[in-house]
Amino acid sequence: MLHRIAEGWMKRAKVRREPVELDFDPTQADFLEKLLPFCEHPRFQSLSPNDRQKILSCGWLIYNEKTVAIETAIVTPSCNDALAGQIPGLGGDTFRHIICETLVDEAYHLLLVENANRLTRFHRDLGHIRVPTFNLVRFMEMEQAGYSEPWQRILIQLATSVVSEIFVSDYLHQLSDCQDIQPMNRATVAAHRHDELAHSKIFTLLAEAFYPALSPVEKAFFAEILPKPIAWFADMELDVWESVLQQLQIPGAASIIADCRPLNANAALRVDYSGVTELARNLGVLDTACGQDGFLALGIAA
Ligand SMILES: [Fe+2]
Ligand SMILES: [Fe+2]
């Protein structure tokens, strides 16, 4: 199946197809209110239309910056590890071929998202907004910092890549079919999602190839780590939002965010993690005590 997906890349990949239309319509909203973590908060609801519009535009910038973080800080390093021969089971020609195609896709997505954010920043006068590091990346790096062996850090990165690549098409689906936002934004997300639907399958198949090739010690380690990125990915990124709301000088920013923090405790249960649990079941991770415990710790009865 990987061979077939690899052969289809020339016709399928968005980098080889028509470019995304970049027409900006200032009358259209850049993002959906329902995707803001504080959309139901009364202080947000009572803000001026101008503040709400700026927050929506920043929602779009943050949404895109999160995909950039996934491409550059998470997935690309794992692809490079595989090409450097650091991941058992992925040394064959078909694996190397499809990993190179995936790297080209991710580099193209970076260009798509950078173009969209540059135009949004220009048209909405948001050039000054800085988006801090995402918890998704920080939590992965903190986990890596707790281990000294290179193979442990490589497997933490890889587990985060596999989970992110399974989740990212759902994450993009929140906007890819949405008729109520800026057409340029919808087109950007739809183009990205088109490629990511293949990536989620690719990373599932890669996991089915490398996991059996790991040593017993490596397998147990991977099984323990695999559920953790579910919570990292699902995190509501309230620190990023607090910083951005403060940069926008939104009144009551700190209290809006503080009120949302309890909601973040169960964030993992609000994402559709069925793709990851199915993978864990197929790999045999759920047959191990540490794999089961990891999922149970998130409140996921696997
Ligand atoms: Fe991507
Ligand atoms: Fe991807």
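The values are calculated or read from the model by the stated rules, or taken from the named source; none is laboratory data. Small disclaimer: the values here were computed from a predicted structure and weren't measured. With ideal geometry, Cβ positions are generated from the backbone for all residues, glycine too; neighbour counts draw on all protein chains shown. Accessible surface areas use protein heavy atoms only, side chains included; no ligands, DNA or RNA. Shrake-Rupley method; radii C 1.70, N 1.55, O 1.52, S 1.80 Å.
Open to solvent by 40 Å² or more (accessible area, probe 1.4 Å) and either over 20 Å from residue 200 (Cα atoms) or in a helix (DSSP H, G or I) (or both): which single residue out of 279, 263 fits that description?
Residue meeting the stated conditions: 263.
I'd like to verify a number: residues in the range 57-72 that are away from ligand 2 (no atom under 13 Å from the Cβ) and either open to solvent by 20 Å² or more (accessible area, probe 1.4 Å) or at pLDDT below 95 (or both), how many?
Looking only at that region, the number is 1.
Among the residues in the range 113-124, are any open to solvent by less than 60 Å² (accessible area, probe 1.4 Å), modelled with pLDDT of 95 or more and outside any helix (DSSP H, G or I)?
yes
Go through the range 212-236 and count every residue that is more than 16 Å from ligand 2 (Cβ to nearest atom), over 22 Å from residue 88 (Cα atoms) and not in a loop (DSSP other than H, G, I, E, B).
The qualifying residues number 4.
Among the residues of the range 6-25, write down those that are assigned to a helix (DSSP H, G or I) and either over 24 Å from the mean Cα position of the chain (by Cα) or free of Cβ contacts under 8 Å to residues at least 24 places away in the same chain (or both). Break it down stepwise before answering.
Start the filter on the range 6-25 by keeping residues that are assigned to a helix (DSSP H, G or I), which leaves 6-7, 9-12, 14-16.
Passing the criteria: 7, 10, 11, 16.
With 209, 190, 159 as the choices, which residue is within 14 Å of ligand 1 (Cβ to nearest atom) and in a helix (DSSP H, G or I)? Steps first, please.
Values: 209 fails: within 14 Å of ligand 1 (Cβ to nearest atom); 159 fails: within 14 Å of ligand 1 (Cβ to nearest atom).
From the options 209, 190, 159, the qualifying one is 190.
Does residue 99 fit the bill of being in contact with a Cys (Cβ under 6 Å, 6 or more places away or on another chain) and either touching a residue at least 60 places away in the same chain (Cβ under 8 Å) or within 16 Å of ligand 2 (Cβ to nearest atom) (or both)?
Against the criterion (in contact with a Cys (Cβ under 6 Å, 6 or more places away or on another chain) and either touching a residue at least 60 places away in the same chain (Cβ under 8 Å) or within 16 Å of ligand 2 (Cβ to nearest atom) (or both)), residue 99 qualifies.
Considering only residues that are away from ligand 1 (no atom under 11 Å from the Cβ) and either open to solvent by 30 Å² or more (accessible area, probe 1.4 Å) or not acidic (Asp, Glu) (or both), which ones fall in the range 91-103?
The answer is 91, 92, 93, 94, 95, 96, 97, 98, 99, 100.
Residue 193: under 15 Å from the mean Cα position of the chain (by Cα), under 28 Å from residue 5 (Cα atoms) and basic (Lys, Arg), yes or no?
Spelling it out, residue 193 is indeed under 15 Å from the mean Cα position of the chain (by Cα), under 28 Å from residue 5 (Cα atoms) and basic (Lys, Arg).
Can you confirm whether residue 225 is more than 15 Å from the chain's Cα centre (by Cα), closer than 29 Å to residue 299 by Cα and within 16 Å of ligand 1 (Cβ to nearest atom)? If you could, list the steps in order and put the result at the bottom.
Working: more than 15 Å from the chain's Cα centre (by Cα): yes; closer than 29 Å to residue 299 by Cα: yes; within 16 Å of ligand 1 (Cβ to nearest atom): no.
Taking the combined requirement at face value, the residue does not satisfy it.
Looking at this structure, is residue 256 among the β-branched types (Val, Ile, Thr) and assigned to a helix (DSSP H, G or I)?
It is true that residue 256 is among the β-branched types (Val, Ile, Thr) and assigned to a helix (DSSP H, G or I).
Step by step: first the residues of the range 114-165, then only those that are aromatic (Phe, Trp, Tyr) and in contact (Cβ under 8 Å) with a residue 24 or more places away in the chain, then the one that is nearest to residue 222 (Cα to Cα). Which residue is that? Before the answer, list the steps.
Taking the range 114-165 as the starting set, the residues that turn out to be aromatic (Phe, Trp, Tyr) are 122, 134, 139, 147, 151.
Restricting the remaining residues to those that are in contact (Cβ under 8 Å) with a residue 24 or more places away in the chain gives 134, 139, 151.
Details: 134: 23, 139: 16, 151: 10 Å.
Only one residue tops the list, namely 151.
Which count do you get for residues in the range 64-103 that are touching a Lys or Arg at 6+ places or on another chain (Cβ under 9 Å) and part of a helix (DSSP H, G or I)?
Residues flagged as touching a Lys or Arg at 6+ places or on another chain (Cβ under 9 Å) and part of a helix (DSSP H, G or I) within the range 64-103 amount to 2.
Give me the pairs, please: first residue somewhere in the range 189-214 and touching a residue at least 40 places away in the same chain (Cβ under 8 Å), second residue anywhere and within 12 Å of ligand 2 (Cβ to nearest atom) and assigned to a loop (DSSP other than H, G, I, E, B), beta-carbon distance under 7 Å, and either six or more positions apart or on two chains.
Pairs that qualify, where the first residue is touching a residue at least 40 places away in the same chain (Cβ under 8 Å) and the partner is within 12 Å of ligand 2 (Cβ to nearest atom) and assigned to a loop (DSSP other than H, G, I, E, B), are 195/13.
Specify which of the listed residues (173, 109) is within 16 Å of ligand 1 (Cβ to nearest atom) and either acidic (Asp, Glu) or open to solvent by less than 10 Å² (accessible area, probe 1.4 Å) (or both).
It is 109.
Any chance the range 34-48 includes a residue that's open to solvent by 40 Å² or more (accessible area, probe 1.4 Å), touching a helix residue (DSSP H, G or I) at 6+ places or on another chain (Cβ under 8 Å) and acidic (Asp, Glu)?
From the range 34-48, those open to solvent by 40 Å² or more (accessible area, probe 1.4 Å) are 34-35, 40, 42-43, 45-46, 48; that's our starting set.
Add one more test, that the residue is touching a helix residue (DSSP H, G or I) at 6+ places or on another chain (Cβ under 8 Å), and what stays is 35, 43.
This time we only want the ones that are acidic (Asp, Glu), so: none.
Within the range 34-48 (the criterion being open to solvent by 40 Å² or more (accessible area, probe 1.4 Å), touching a helix residue (DSSP H, G or I) at 6+ places or on another chain (Cβ under 8 Å) and acidic (Asp, Glu)), the answer is no, since none of the residues qualifies.
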